[in-house]
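These notes are about the structure you will find just below.
The values are calculated or read from the model by the stated rules, or taken from the named source; none is laboratory data. All figures in this text were calculated on a predicted structure; none of them were measured in a lab. Here Cβ is always computed from backbone atoms with ideal geometry, including for glycine, and neighbour counts include all displayed protein chains. Heads up: the accessible areas ignore ligands, DNA and RNA and are worked out on the full protein's heavy atoms, side chains in. Shrake-Rupley method; radii C 1.70, N 1.55, O 1.52, S 1.80 Å.
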Amino acid sequence: MNNRLFEVAGPPALILMWSSAFIAGIIGVGAAPPMLVLFGRFAIAGTLLILLALATGAVWPRGKLLGHTVIAGLLMQMVQFGAFYTAMGEQVSAAVISLVQGLSPLVIAVFAGLLGEAVTHRQWLGFGIGGLGVGLAVVDQSSFSLTGLLLCLVGLAGLSLGTVYQKRFTPGVDPKVGTAVHVAISAPFAGALALATGAFHVSDPGRFAGSMVWMVLINSMAAFLLLNTMLQRWDTTRVGRLFFATPVVTAIMAWLIIDQPVGPVTVAGLALGILGMVLAARRTAPQSAGQPPVAPAPATPAVAAGR
């Protein structure tokens, strides 16, 4: 891609694709049970990502490294999206889920502190302000659900723990292979939960199919490829800053596409949440020669992407 075009079009494209994952998820969950939606997404995306990794000749992890990759994948994919999609079924809005997911760098900073890394006063302040923003956004929801809020926190914990685990135990795994393993290994777990609950009824096949196509091709693949291209060309701080915009963009898209209202208290909560993210953003430490950059915590391929 032309460098100038990439500079101009790349950032808004990634923000829109990342934010759209929450909208597609809510549309899908509105047409079919959450675990069935998740199984379909994982199974199809996992197959395509495996084929992509094989076609590019990527090196696959083995032994303990493969085991660590599986654990990271279950945390980042199955736990995160299993909880978030179920929260969508509890009528938690796309804006709130996007804001909660966006707080992952703050939680990761806390986990890093528990592991012995320094957490600054500014980051603790950001964590507090971000948490207050989430609280305001949740309180403003017309159908407040304590279960939905708890599920969001479980999803946030899965993403954050999985990111820390991945950075600690699988830093050298090829991103294409790692994501393929993460998604593929999560598919049977989602399928087993769907079987256990007997939830297979699809109320709107058209909406279900449309959301599935979007989540697989746009959220699980296109966003992932664009993200990794950015991480190759730009520093991680520059890429990470893009994710500060996703809660607001998600709220606007949810209002325009699926008619989810955005009240003044929710707007205030989003503003506080973003302020907390900015304050808690970690400065990239100087890296030694030959050391690969570490991807920012929000940049989890859906992550994909939601994400």
Exercise for the section: Please indicate, with yes or no, whether at least one residue in the range 22-33 is of a type outside the set (Gly, Ala, Ser) and in contact with a Lys or Arg (Cβ under 9 Å, 6 or more places away or on another chain). Expected result: yes
Practice task
Check off (1) at pLDDT 95 or above; (2) over 25 Å from ILE274 (Cα atoms) for VAL79 and give me the number that stays unchecked.
Solution key: (2)
Exercise for the section: Looking only at the range 117-127, decide whether some residue is hydroxyl-bearing (Ser, Thr, Tyr), open to solvent by less than 10 Å² (accessible area, probe 1.4 Å) and at pLDDT below 80. Expected result: no
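Yes or no, residue by residue, for (1) within 18 Å of VAL183 (Cα to Cα); (2) in a helix (DSSP H, G or I); (3) open to solvent by less than 70 Å² (accessible area, probe 1.4 Å); (4) among the acidic types (Asp, Glu):
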site: PRO11; (1), (2), (3), (4): no, yes, yes, no
site: SER19; (1), (2), (3), (4): no, yes, yes, no
site: PHE39; (1), (2), (3), (4): yes, yes, no, no
site: ALA45; (1), (2), (3), (4): yes, yes, yes, no
site: GLY57; (1), (2), (3), (4): no, no, yes, no
site: GLY73; (1), (2), (3), (4): yes, yes, yes, no
Fill in the blank from the handout: Note on LEU65: of the conditions (1) open to solvent by 40 Å² or more (accessible area, probe 1.4 Å); (2) in contact with a Lys or Arg (Cβ under 9 Å, 6 or more places away or on another chain), unmet is (2)
Handout entry: Which listed residue, of VAL173, VAL177, VAL96, VAL107, is at pLDDT 75 or above, part of a loop (DSSP other than H, G, I, E, B) and either open to solvent by less than 40 Å² (accessible area, probe 1.4 Å) or on the phi > 0 side of the Ramachandran plot (or both)
Key = VAL173
